[in-house]
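*Asks:* The structure's right below; bear with me while I get my questions together.
Every number here is computed from the coordinates shown, using simple stated rules; none is lab data. As the structure is a computational prediction, the values presented were derived from the model and not from experiment. FYI the Cβ positions are ideal-geometry reconstructions off the backbone, even for glycines, and counts take in every protein chain you see.
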Amino acid sequence: MFLLPLIFILGLVSLYFLSKTFFYALGTITIIFFIVENIKINPYQYVWFNLPTRYIDIAKNFELEYQGISGRELAKSLSKLENQNICILANPLHSVRPFLNNTKYNCFDIWQKIDTNYKRPFLAVQNVRNLKKSLPYNCKSIHETKFKLLFYKKDLTTGKLLMCD
């Protein structure tokens, strides 16, 4: 992780001394690509491994979204559901709770109770670190939040809303 920036800097300096025209042309294209992709994936962050993820499935080893940003979009999907007198399991709770009407949704609990004998039916927000886990027992995905990188065919899933019966 610390060697990559050093290798990158050495490569840029070498390219500059080799051909200034090529250096400026490549630099301009890279900056434009970076800006356009940051706008496209907003509010998610651009990280250095977004480029390699187009060639390798990096999502299976790394978290795509570790701040709970997808919670806002998942909360919008929750608000559209008819059955609002149902408990919601989430971790962290603040990823969806602030975006919901407290009079309609007043039952929240932690994600860790999903594999216990918690009273069913309930809704669960699967995001952050929990996204790598498979679907829990008797749960089905009813909504997914996703984003797509430029020049990449696959959607990257950042959160799921589950209905557990």
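*Asks:* Using just the helices of the chain, give the 222 nm mean residue ellipticity in deg cm²/dmol: DSSP H runs with n ≥ 4 each add -39,500 (n - 2.57), and the total is spread over all residues, rounded to 500.
*Replies:* -9500 deg cm²/dmol
*Asks:* Here are some pairs, Lys80/Lys133; Lys20/Lys154; Lys76/Lys148; which of them have Cα atoms lying more than 24 Å apart in this structure?
*Replies:* In this structure, Lys80/Lys133; Lys20/Lys154 exceed 24 Å between Cα atoms.
*Asks:* I'd like the antiparallel share, as a percent to the nearest 5, of DSSP beta bridges with both residues in the range 53-163.
*Replies:* If we restrict to bridges inside the range 53-163, about 65 percent are antiparallel.
*Asks:* Another question, then. Quick one: if the Förster radius is 45 Å, what FRET efficiency do Tyr152 and Thr116 give, using the C-beta to C-beta distance and rounding to 0.05?
*Replies:* After rounding, the FRET efficiency stands at 0.75.
*Asks:* For the charge dipole of the chain, defined by +1 on Lys and Arg C-beta atoms and -1 on Asp and Glu C-beta atoms about the Cα centroid, which residue among Ala25, Phe2, Trp111 has the Cα displaced farthest towards the positive pole?
*Replies:* The listed residue farthest towards the positive side: Trp111.
*Asks:* In the range 79-135, what trypsin sites (Lys or Arg not before Pro) fall in a loop by DSSP, with at most 11 other Cβ atoms inside 10 Å?
*Replies:* Sparse-neighbourhood loop trypsin sites (Lys or Arg not before Pro): Lys104, Lys119, Lys133.
*Asks:* What's the longest piece of the chain with no exposed chymotrypsin sites (Phe, Trp or Tyr not before Pro), counting a site as exposed if DSSP puts it in a loop and it has at most 16 other beta carbons within 10 Å?
*Replies:* No qualifying site falls inside 67-117, the longest such stretch.
*Asks:* Calculate the FRET efficiency for Phe2 and Asn102 from the Cβ-Cβ distance with a Förster distance of 41 Å, rounded to the nearest 0.05.
*Replies:* 0.35
*Asks:* Work out which GluC sites (Glu not before Pro) in the chain are exposed loop sites (DSSP not H, G, I, E or B, at most 15 other Cβ within 10 Å) and give the longest gap free of them.
*Replies:* Between exposed loop sites, the widest span is 83-165.
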